[in-house]
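The structure appears right after this line, and notes come after that.
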Protein chains: 2
Amino acid sequence: MKKDQGVNVNKKKISDLFGKELKIANLGLESMAVSLETQDIQVQQIDWKPPRQVVPNLMYTDTDISIEDANQEAVNRIMGSKAVLVGMGIAKDVIPGMHDRMILHAGPPVEWERMCGPTRGAVMGALIYEGFTQDEKEAEKLAASGEFEFSPCHHHQTVGPMAGIVSPRMPVFIVENPVWNVRAYATLNEGLGKVLRYGGMGEEVYKRLSWMEEVLYPNLSNALEKIPGGIDLKNLIAQALHMGDECHNRNRAGTSLFMRSIAPSLIRVQKNPEDIAKIFEFINSNDHFFLNLSMPAGKAMLLPAEGVEGCTILTVMARNGTDFGIRIASMPDRWFTAPAGVVDGLYLPGFSEQDANPDIGDSTITETAGFGGFAMAAAPAITQFVGGSPSLAHDITLEMYEITQTEHKDFTIPSLGFRGTPLGIDVRRVMETGILPRINTGIAHRKPGIGMVGAGMLRAPKKCFVDAFNEFNKIYCSKKENE
Amino acid sequence: MKKDQGVNVNKKKISDLFGKELKIANLGLESMAVSLETQDIQVQQIDWKPPRQVVPNLMYTDTDISIEDANQEAVNRIMGSKAVLVGMGIAKDVIPGMHDRMILHAGPPVEWERMCGPTRGAVMGALIYEGFTQDEKEAEKLAASGEFEFSPCHHHQTVGPMAGIVSPRMPVFIVENPVWNVRAYATLNEGLGKVLRYGGMGEEVYKRLSWMEEVLYPNLSNALEKIPGGIDLKNLIAQALHMGDECHNRNRAGTSLFMRSIAPSLIRVQKNPEDIAKIFEFINSNDHFFLNLSMPAGKAMLLPAEGVEGCTILTVMARNGTDFGIRIASMPDRWFTAPAGVVDGLYLPGFSEQDANPDIGDSTITETAGFGGFAMAAAPAITQFVGGSPSLAHDITLEMYEITQTEHKDFTIPSLGFRGTPLGIDVRRVMETGILPRINTGIAHRKPGIGMVGAGMLRAPKKCFVDAFNEFNKIYCSKKENE
């Protein structure tokens, strides 16, 4: 999956393309000019920004709430939050509203008929794993039968990467935000390749899930019970951002720090040493293990912003592989959706764009919470996984400051002089600037049963933001003179 | 120890200083201008480099060896090397030339009379730990008695951080370079604060050393025996450089990756689970643990360059707290020394420059091997520990390319577009450019018995390079017309 990177490679490509010395005039974003200059290309920098969109300048709601103040309140709540891994449990026992015949999925609501391939695959796989059937065709019929209720993870304080399927029997992490006394939930990460969350089906998938339920879960859970106060995930994210992670698609540091945090307790609660050794091997073989902790941490810190009146900050971005959906703080129960986008990515050997499902998963909670793709400047090495170049990773973070309310006080980026990460996507700023949020993501095969095929980057679709902005304007600002 | 960092802080300081808008002309290093521009200060960049020193331009030796070719051979040997942790042993059993009455120390040779405070403290502490006496005054007498032979670590394929004391009973790591069939050795890292290698003495120091000998060593050693092929330290260093370490004074990632590598085996060989839990707690509490692995890895990879005829590349930079010494590949047994420098640093609460011993330790093997201070651009967060700013860390790496033979093929820096680290300090280039190698380092209290007081940065002293260059010129190039 590794691509040749760096300045020299680009330089070759550009000169190959034009076959002569280039002189370039660069409009706007200055870091683009700097990138070119490092390739010995002459650049004339011209100060220019895209013309602002002609959209109403929303300042106050009809009830005289200052939108700026409301937005600041929201990001203050997010930044002032904590996220602590306090324990684990079984989905049907601990997730609010979960029941024996419920299957949670990533993204906004979607019925079986409109579900994409990997989500269908993951649902079918989950039904087999749950023991409702042992046959894929039978599982497909069952899924379509109406016997099971499908519900978005986000309706249950839960987040799921990729297909995001949570079935009743699955063990989940419980992440608490003690400042606001709220909790968020996520399953355990299975690794990459042919895994359920990418729509993978088959014996190896169910066997791994069973081992996670029978060995990984009870041991981790027992270990956590012996750690007074739990494990401070916000602190681990802050550290990981200083160690080359952005905590969405690069979690090598976070995974390492989690292992360091839980190791002594895990050893003390052991019943079978070989189980503990296998647990360390499993986590060590999967640098994405921490993703399923950074995601509920993001969710737990965003929850307190839900319901802030007059606020235009996003509390959710999520995709089900068919639709991309956003929710804003002042309308926490509304989804604004658009078709899920196509990912520009690097592919595993034997796969190409033809195999790719559109954008999928709840993992964009990380960007919403001020890390993930928004903190890519902290994680230049991620470009070996998702494509692009370190200078692009740097530019992406700089660009996201244009559409966010503030800079995070606790999540900082050393290479930007310890500047805080861009936090609080403001629908108004997205509309004004025309800059859409950047996301990095894994790519699932579009057919059920296959699994991961690559990883890449894209932007959130514009329509969600247009709809959310117009709806907010209509409901809260229609009586006010906002020009 | 954390200092306020970043652009905004600097900006304030500069405007405070001048009280008006600044217009600056920047001579030379362009990244300085970029740093100022990010502070909204007008800068006119002027291309300029310091005038080259008037030194003989050494191209060929009297026996017609191309010095450039010899230097390339040396760096090829270094880059082509591997470094594998293959096992552990007790110093007197495994270190070549070590015996029951020998004490190894960091840096070039130094007799008791000229030893600095922390080295004296560490020698005295080691004599107490070894059981020769239980009294500090008695230990001092013993050390001065001539009964013990003092010898530089580097004379025994060994490297020791700070005072670098290795006494006969101490357990050591054995790091093999299988490409050249050579081995290097280092003790285990004790942590920061009041520890032997910083000259610390007292019960807590000896108790910790005893626990390391009786619990940490046998368990790690048993675990290593069960890992086929050992642990690939070169690979861990390469990964850590992508995770915000430079593997000299920042080793949080390296320490994490080492824990991940050894954990399963450590659990499988356990005799007492509580011992294993304590080992994980010990390593988890000490982010410098990996330093004592990155150092012998550097040494093991540099050893094959020793003895390359006509070569002006450094194979050793090391300090004993009194003298700074270097050795070059073509004269591997000669030391060129100068007084050890004063460190510009950040101090622990209650300490200041007044307390600081001059520069000390063998840990500059990391810079010599193409990481450490030379890779600071990979580790911007280290500036919270050693001072400076992320942009300075970036500039330091760029500057070191001016005095090195090549860019490392296996150690790369993501934020520089995956450029290889500066490798192979060439005495000729140091003389031509007048640029002295940059080092980052811990700071020991200048009195015996106290321990660590801070961390900081400095440059190697010029005299070592002048002497090495002149000696090389005299011995190998005196008959040749080198202008």
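If you check A:Val453 against the conditions, is it in a strand (DSSP E or B) and aliphatic (A, V, I, L, M)?
Yes; evaluated as a whole, the condition is true for this residue.
When the stretch A:398-419 is examined, which residues are found to be within 12 Å of chain B (Cβ to nearest Cβ) and of a type outside the set (A, V, I, L, M, F, W, C)?
Hits for the stretch A:398-419 are A:Glu407, A:Thr412, A:Pro414, A:Ser415, A:Gly417, A:Arg419.
Check A:Ser81 against each of (1) free of Cβ contacts under 8 Å to residues at least 60 places away in the same chain; (2) over 29 Å from A:Ile443 (Cβ atoms); (3) of a type in the set (S, T, N, Q) and name the one condition it does not meet.
(1)
Determine if the stretch B:261-268 includes at least one residue that is assigned to a strand (DSSP E or B) and either among the acidic types (Asp, Glu) or more than 9 Å from every other protein chain (Cβ to nearest Cβ) (or both).
no
For the stretch A:321-370, give me each residue that is assigned to a strand (DSSP E or B) and without any contact (Cβ under 8 Å) to a residue 60 or more places away in the chain.
Scanning the stretch A:321-370 gives A:Pro332, A:Asp333.
Can you name every residue in the stretch A:242-296 that is more than 24 Å from B:Glu281 (Cβ to Cβ) and of a type in the set (A, V, I, L, M, F, W, C)?
Passing the criteria: A:Cys247, A:Leu291, A:Met295.
Among the numbered criteria (1) modelled with pLDDT of 95 or more; (2) within 14 Å of another protein chain (Cβ to nearest Cβ), which single criterion is violated by B:Pro332?
(2)
Here are the criteria: (1) under 26 Å from A:Ala223 (Cα atoms); (2) touching an Asp or Glu at 6+ places or on another chain (Cβ under 7 Å). Tell me which single one A:Ile165 does not satisfy.
With (1) under 26 Å from A:Ala223 (Cα atoms); (2) touching an Asp or Glu at 6+ places or on another chain (Cβ under 7 Å) applied to A:Ile165, the lone miss is (2).
For the stretch A:278-304, give me each residue that is polar (S, T, N, Q) and not in a helix (DSSP H, G or I).
Those that are polar (S, T, N, Q) and not in a helix (DSSP H, G or I): A:Ser285, A:Asn286.
Can you tell which of A:Arg114, A:Arg101 is surrounded by fewer than 24 Cβ atoms within 10 Å (Cβ to Cβ) and either at pLDDT below 95 or closer than 21 Å to A:Gly89 by Cβ (or both)?
Answer to the check: A:Arg101.
Being in contact (Cβ under 8 Å) with a residue 60 or more places away in the chain, touching a Gly at 6+ places or on another chain (Cβ under 6 Å) and either in the same structural domain as B:Ala106 (by TED's automatic domain parsing) or not β-branched (Val, Ile, Thr) (or both), is that true of even one residue in the stretch B:428-439?
Yes, the stretch B:428-439 contains a residue that is in contact (Cβ under 8 Å) with a residue 60 or more places away in the chain, touching a Gly at 6+ places or on another chain (Cβ under 6 Å) and either in the same structural domain as B:Ala106 (by TED's automatic domain parsing) or not β-branched (Val, Ile, Thr) (or both).
So A:Ser363 passes all but one of these: (1) at pLDDT below 95; (2) surrounded by 24 or more Cβ atoms within 10 Å (Cβ to Cβ); (3) not β-branched (Val, Ile, Thr). Which condition number does it fail?
Tallying (1) at pLDDT below 95; (2) surrounded by 24 or more Cβ atoms within 10 Å (Cβ to Cβ); (3) not β-branched (Val, Ile, Thr), A:Ser363 fails exactly one: (1).
Can we say A:Pro358 is surrounded by fewer than 20 Cβ atoms within 10 Å (Cβ to Cβ), within 21 Å of A:Ala468 (Cβ to Cβ) and more than 14 Å from every other protein chain (Cβ to nearest Cβ)?
Answer is no for this residue.
Tell me, which residue of the stretch A:431-483 that is more than 30 Å from A:Leu398 (Cα to Cα) and among the small types (Gly, Ala, Ser) is nearest to the chain's Cα centre (by Cα)?
A:Gly451
Within the stretch B:240-255, take every residue that is under 22 Å from B:Gly87 (Cβ atoms) and polar (S, T, N, Q) and give me the one that is farthest from the other protein chains (Cβ to nearest Cβ).
B:Asn251
Picking from B:Thr337, B:Thr322, B:Thr383, B:Thr312, which residue would you name as being within 14 Å of chain A (Cβ to nearest Cβ), more than 23 Å from B:Ala83 (Cα to Cα) and among the hydroxyl-bearing types (Ser, Thr, Tyr)?
Of the residues listed, the single one that is within 14 Å of chain A (Cβ to nearest Cβ), more than 23 Å from B:Ala83 (Cα to Cα) and among the hydroxyl-bearing types (Ser, Thr, Tyr) is B:Thr383.
Just to be sure, is A:Asn286 polar (S, T, N, Q), assigned by TED's automatic domain parsing to the domain that holds A:Asn235 and touching a strand residue (DSSP E or B) at 6+ places or on another chain (Cβ under 6 Å)?
The answer is no for A:Asn286.
This table checks each residue for (1) at pLDDT 95 or above; (2) of a type outside the set (Phe, Trp, Tyr); (3) on the phi < 0 side of the Ramachandran plot; (4) crowded, with 24+ Cβ neighbours inside 10 Å.
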| site | (1), (2), (3), (4) |
| --- | --- |
| B:Gly370 | yes, yes, no, yes |
| B:Ala377 | yes, yes, yes, yes |
| B:His408 | yes, yes, yes, yes |
| B:Thr421 | yes, yes, yes, yes |
| B:Arg459 | yes, yes, yes, no |
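Taking A:Lys49 as meeting all but one of (1) at pLDDT 60 or above; (2) surrounded by 14 or more Cβ atoms within 10 Å (Cβ to Cβ), write down the number of the exception.
Only one criterion is unmet by A:Lys49, namely (2).
If I ask for residues that are within 14 Å of chain A (Cβ to nearest Cβ) and in a loop (DSSP other than H, G, I, E, B), which ones from the stretch B:371-380 would you list?
B:Ala379
Okay, residues lined up against (1) in contact with a helix residue (DSSP H, G or I) (Cβ under 9 Å, 6 or more places away or on another chain); (2) closer than 30 Å to A:Pro448 by Cβ:
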residue: A:Val205; (1), (2): yes, yes
residue: A:Asn222; (1), (2): yes, no
residue: A:His242; (1), (2): yes, no
residue: A:Leu266; (1), (2): yes, no
residue: A:Gln270; (1), (2): yes, no
residue: A:Ile276; (1), (2): yes, no
residue: A:Ser285; (1), (2): no, yes
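Keeping to the stretch A:233-281, report how many residues are small (Gly, Ala, Ser) and surrounded by 24 or more Cβ atoms within 10 Å (Cβ to Cβ).
Of the residues in that region, 6 qualify.
Starting from the stretch A:270-287, keep only residues that are within 9 Å of chain B (Cβ to nearest Cβ), then list their pairs with residues that are buried (at least 18 other Cβ atoms within 10 Å of the Cβ) and outside any helix (DSSP H, G or I) whose Cβ atoms are within a distance under 6 Å, requiring at least 6 positions of separation or different chains.
A:Ile276/A:Gln270; A:Ile283/A:Phe289
For the structure I just gave you, tell me whether A:Gly442 is away from chain B (no Cβ under 14 Å), among the small types (Gly, Ala, Ser) and crowded, with 24+ Cβ neighbours inside 10 Å.
Considered against the rule, which asks whether it is away from chain B (no Cβ under 14 Å), among the small types (Gly, Ala, Ser) and crowded, with 24+ Cβ neighbours inside 10 Å, A:Gly442 comes out as yes.
The values are calculated or read from the model by the stated rules, or taken from the named source; none is laboratory data. These numbers were taken from a predicted model, which means no experiment stands behind them. With ideal geometry, Cβ positions are generated from the backbone for all residues, glycine too; neighbour counts draw on all protein chains shown.
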